[in-house]
1. What's the number of the only condition in (1) in contact with a helix residue (DSSP H, G or I) (Cβ under 9 Å, 6 or more places away or on another chain); (2) surrounded by fewer than 21 Cβ atoms within 10 Å (Cβ to Cβ); (3) closer than 21 Å to residue 175 by Cα that residue 44 fails to meet?
2. Of the residues that make up the range 385-405, is at least one surrounded by 20 or more Cβ atoms within 10 Å (Cβ to Cβ) and either closer than 30 Å to residue 173 by Cβ or modelled with pLDDT under 95 (or both)?
3. What number of residues in the range 293-304 are touching a residue at least 12 places away in the same chain (Cβ under 8 Å) and either touching a strand residue (DSSP E or B) at 6+ places or on another chain (Cβ under 8 Å) or assigned to a strand (DSSP E or B) (or both)?
4. Determine whether residue 386 is more than 21 Å from residue 459 (Cα to Cα), in a helix (DSSP H, G or I) and not assigned by TED's automatic domain parsing to the domain that holds residue 41.
5. Give, as residue ranges, the helices (runs of 4 or more DSSP H) completely inside the range 174-291 that count at least 2 residues that are under 25 Å from residue 151 (Cα atoms) and free of Cβ contacts under 8 Å to residues at least 60 places away in the same chain.
6. Out of all the residues in the range 164-175, which are within 20 Å of residue 76 (Cα to Cα) and surrounded by fewer than 22 Cβ atoms within 10 Å (Cβ to Cβ)?
7. Name every residue in the range 12-31 that is touching a residue at least 24 places away in the same chain (Cβ under 8 Å) and either in the same structural domain as residue 385 (by TED's automatic domain parsing) or under 23 Å from residue 117 (Cα atoms) (or both), in order of residue number.
8. Look through the range 219-234, keep the residues that are modelled with pLDDT under 95 and surrounded by fewer than 20 Cβ atoms within 10 Å (Cβ to Cβ), and return whichever of them is farthest from residue 333 (Cα to Cα).
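The values are calculated or read from the model by the stated rules, or taken from the named source; none is laboratory data. Since the structure is predicted, the reported quantities are computational estimates derived from the model, not experimental observations. Neighbour counts run over all protein chains shown; Cβ positions are idealised from the backbone, glycine included.
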């Protein structure tokens, strides 16, 4: 960690570069930036800067590099892992004022945007051309493209259309020394090492993205959404694997357990069957004839695997309502719990039923409740662990359960994150996911981009010393320590 101290002279230099209104040092205004959506972790920053141009970002990073001041980039603060929380003697560099869509190119189906542009704003602007931007995190109304790039965000439609990394052609990245790099290109592939893919998902450790060129897709002519109800969550999990095994690739395939159904229905009134043990939302899109054939096949698979009721959204409004319920699940859970802890592990689909059973067993052993909402089609779990911060020890139990769930994901051949990133939350469990030799290579990559270790230090990649303190629990993927999971 840097030993630099933010002095009044340094603050004055920042004000000279940006203007006094774009430099925040007042404690009341700084409080807005003390956490992201993982509110259990909070650090009050000493200084927040809000550049408006690429040149200002470059000048700021040069200044910070010269003085050895750490820099944490921040978008809308909707992240769930503590990744944009300030660090000691560092500044928070907010990109919210760099929020312009610079160009829409309908012929080439691309949009060039600044890092602070909201995810949903791209689709809203492209709609007039019959186009949209596919990655759609639940927070898409607020989250920014810069944050999506940092975490490699997905969303309910990533099963068919991919994560952020699959939908970005080019980025402009400012290094810690203030150099502006262009990574990627306008074609199908770019020459040289694929530094674009390396940077996407790097959580602000390698550079600060200031601009991106993203792919736009044509709005599909036909979209249908099925809602399938099951008696229990295990049946729903088995049905997910069967749909993919049957050769269907839905645009979205989402699962919600009974607790999620009930709390969401009370909040959104989406028409969910509140007595169901679990529901699947299955969206099919494409040419009308293909969608109709896929719908019939999907219904047959769902019935064969235990669906007791299948509903077809009759019109666009009902379809939107079905999805509104799914996307409102996280805030809806806030109505029944003082606090909740959202996990983000990913597993092979064939283990869905067994892992869900095991999660409920682990929660029961700790006396906690879990609400399950996740991207079932690609095995991305989002268990919401309910707790009460005002009860001594309750958060510790929630954190323990979260760790057990992540370890379970790795043990069945999955990963500790699907789209939320690592940040501070999952640092220990990187030691479970990767060996010491693999982590060493990550540190070497970080060193190549940021030799002084000033960009978002202490996040995403644990030190080997930290892993030793935690107890290096690395296991080979696919190793199943719970014999009862073998049958799934």
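1. Here residue 44 meets the rest and fails (3).
2. Scanning the range 385-405, I find no residue that is surrounded by 20 or more Cβ atoms within 10 Å (Cβ to Cβ) and either closer than 30 Å to residue 173 by Cβ or modelled with pLDDT under 95 (or both), so the answer is no.
3. So the answer is 5.
4. When the stated conditions are applied, residue 386 does not pass them.
5. In the range 174-291, the matching helices (runs of 4 or more DSSP H) lie at 195-199.
6. 165, 172
7. Within the range 12-31, 17, 18, 22, 23, 24 meet the criteria.
8. 234
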